[in-house]
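Nothing in this text is a laboratory measurement; each read-out follows from the coordinates by a stated rule. Note that the coordinates shown come from a computational prediction; the quantities given were computed from them, not determined experimentally. Using ideal geometry, Cβ is built from the backbone for each residue, glycine included, and neighbour counts are taken over all protein chains shown.
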Amino acid sequence: MGRITLNDIRKRFGTTEVIHGVDLEVGEGELVVFVGPSGCGKSTLLRLIAGLDQPTSGTIEIDGRDVTRVSAADRGLAMVFQSYALYPHMTVQQNLSFGLQNTKMARDEVGRRVSEAARMLEIEPLLERRPTQLSGGQRQRVAIGRAIVREPAAFLLDEPLSNLDAELRVTMRAELAQLHDRLTTTMIYVTHDQVEAMTLADRIVVLRHGRIEQVATPLDLFNRPANLFVAGFIGAPNMNLFTATAQDGQAALPGGLAVPVPRNGPCTIGIRPQHLHPAEADASALEGRVTLVEALGTETVVHFRTADGTDVITVMAGQPGIRLGDTIRLAPDPGQIHLFDADGDRMDNNV
Amino acid sequence: MAALPAKLGVVVTAPLVLLARAVDPPLRWWQRMAGQGGMAAVFLLPNLAIFGVFVLFPLALNFVYSTTAGTDILLQGRSFVGGAQYARLLECRDYLDPLTCREDTFWTAAANTLVFVVLQVTMMVVVSTITALILNREIRARGFFRAVFFFPVLLSPVVVGLIWRWILQRQGLLNLVMVSLGLEPEVWLNDRTYAFAATIGVSVWAHMGFYTLILLAGLQAIPKDLYEAAEMDGTRPARVFWRITLPLLGPNLAVVLVLALIRGVQIFDEVYVLTGGGPGTSTLYLTQYIYEVGFASVLRNPGLAAAASILMGLVLVVLTLCQLWLSRRGEAKGAK
């Protein structure tokens, strides 16, 4: 239960096409995260799956059944909204049971499901309260509870944690992960927060301008980004990107450091801040003056500028004692260099 | 391009700026004299003066008049009679039968007003709710329809009365249409039931746009998410209306109810122009009774009219307090 297939989904609002032919297969019990910048179409895609909007073309299947023209209620999915969408005039109990009562379900069964969800989410003492009397985290639980009681084929979560403060977000993130382990129900989770995506997902779908840029496990995305966009979007701080022109199978970084490149022509060299290390004294290196030091305790983020004006970021373990204005010389891990061609697509290299 | 509006802004605001600079020193001096708390009183004073002259003073004067008798409009020509005017109004052998009362027209008008208000307010709330629900949907030419339904609110009540008189009178538009369709014409405004219904219908037509607007604002304040959540749950439209829309529209409906009640009790202009209270006394409402007793009849009796208006005012006060209590209770329940 809970296999969702999208075939060439397109969505147009007026004359503007916002989803340009998305194909995706979400496996049973999988937790898939849609991630991307604002306006990339991730929420729209979720609403199409939910049935709240109709695709302009393409089909949606759930467990092999074509549900493209099936109403939202009959798709067997449950949605958790960003605003929680709790009914303000109903108690928590009424909020949880409202959807079930629509189906003329037996009273005992409604009661059983509500109390089970309340127990699972530890909101039993809150059942008689109204949403206005709950904290943000409690409302979030009720919203999830309302989805759980329906025992859906899949959960759709639209930025469910974005209204919580930072501390609560971390807690709720962990709880969501545990919940998914326990329920083993398919979940599709929309977020713009890459940390949420990386920590929760079985697989991440990176979207931009209504197109899928890459679908992969979190570590695959980090280790082998398919293109410049994914490379820049995943990982914090952002990957350092250097434009260069490859000649005779080599491209030069600022400071003269040579990198082997499989094809000649314009290219981009990407190096994650974590993969720069102090260079040997006599070797060629990325050299620059430190412009900003962000000491985080366990690690230190150092911004520096090379002689030709390129800004580079590096992350050093611990507290290396680097000060503003210092000159540092760094070299990349040879195995951790990403190469992208003129179109921004990944070039496979065996550096 | 961007520089022009900025310059324009300076030109437009220049008089205001100059004015503000001119009044600044005296106000500062005043604040030194009166202190910060006293300044609040200073700013309230102009409005309070207007309110006092045009509302509080007449209110008190009206009360004084209600304790006097005579036909003279000037107070010095009138004699003090205490509560005699009230006693006269309230003197009845059987309170269920207006004709047994000494001032039978007062009781007829009061009974008419009661029936009118109950029917008119019910109809007003139902019609404006339905209109608001329709106008809140994504229908074609929604802006046009919103304007159309609001338009009668902008008309003077007298114009409203004249328009409908022109439609409903013996040789009016409605009868013209009926005759051309081969139907028998009706004497709409000379039939007790039709005339009464016409006063209700016309006043609803004239004022519903205002209440529709209040309800429309309430409907638009209900988050769309709630409806989408209900859609995901497969909630039927009727259940969505009764269980989600209506409860969340409650505060707005309470406002509409209070305002419609108060304005319903005060109904005068449209009806006076449309039916003049007739036929007979079948559309005679309290305000018209007060006006006729106090000013329009040959033997005018300002004291009696003043007493009647005080009684009517008391009813309005009680109604308002009831409604305030109801809406407060609703809010407290929602916040609990």
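For the stretch A:237-261, which positions are loosely packed, with under 14 Cβ neighbours inside 10 Å and assigned to a loop (DSSP other than H, G, I, E, B)? If the condition is that a residue be loosely packed, with under 14 Cβ neighbours inside 10 Å and assigned to a loop (DSSP other than H, G, I, E, B), then A:D248, A:G249, A:G256 are the ones that fit. The criterion of at least 1 residues that are in contact with a Gly (Cβ under 8 Å, 6 or more places away or on another chain) is met by the following helices (runs of 4 or more DSSP H) wholly inside the stretch B:142-196: B:142-154, B:157-168. Among the conditions (1) over 20 Å from B:L226 (Cβ atoms); (2) away from every other protein chain (no Cβ under 11 Å); (3) of a type outside the set (G, A, S), A:V92 misses just one, which is (1).
Checking each residue in the stretch B:198-239 for being over 30 Å from B:I262 (Cβ atoms) and either more than 10 Å from every other protein chain (Cβ to nearest Cβ) or among the hydroxyl-bearing types (S, T, Y) (or both) picks out B:Y227, B:T235, B:P237, B:A238.
Mind listing just one residue for me: the one in the stretch B:249-276 that is assigned to a loop (DSSP other than H, G, I, E, B) and β-branched (V, I, T) and, of those, surrounded by the most Cβ atoms within 10 Å (Cβ to Cβ)?
If we filter the stretch B:249-276 for residues that are assigned to a loop (DSSP other than H, G, I, E, B), which is where we start, we get B:266-268, B:275-276.
Still in the running and β-branched (V, I, T): B:267, B:275.
Values: B:I267: 23, B:T275: 26.
Among those residues, the one meeting the criterion is B:T275.
On inspection, B:L246 passes the criterion of being within 14 Å of another protein chain (Cβ to nearest Cβ) and either surrounded by fewer than 17 Cβ atoms within 10 Å (Cβ to Cβ) or in a helix (DSSP H, G or I) (or both).
Residues B:A254, B:A260, B:A229: which one is of a type in the set (A, V, I, L, M, F, W, C) and free of Cβ contacts under 8 Å to residues at least 24 places away in the same chain? The match here is B:A229. Cβ-Cβ distances below 6 Å connect the following pairs, each with a first residue in the stretch A:73-84 that is at the interface with chain B (Cβ under 7 Å from one of its Cβ atoms), a second residue that is acidic (D, E) and in a helix (DSSP H, G or I), and a separation of six or more residues or different chains: A:F81/B:D225; A:S83/B:D225.
Of everything in the stretch A:47-66, what is more than 7 Å from chain B (Cβ to nearest Cβ), buried (at least 17 other Cβ atoms within 10 Å of the Cβ), under 27 Å from A:L176 (Cα atoms) and in contact with an Asp or Glu (Cβ under 9 Å, 6 or more places away or on another chain)? Give them in sequence order. Correct list: A:R47, A:G51, A:I60. Exactly one residue among A:L241, A:L176, A:L207, A:L221 is touching a Ser or Thr at 6+ places or on another chain (Cβ under 6 Å) and either among the hydrophobic types (A, V, I, L, M, F, W, C) or within 26 Å of A:G76 (Cα to Cα) (or both), and that residue is A:L241.
Could you say whether any residue in the stretch A:103-124 is in contact with a strand residue (DSSP E or B) (Cβ under 9 Å, 6 or more places away or on another chain) and of a type in the set (K, R)? No, the stretch A:103-124 has no match at all.
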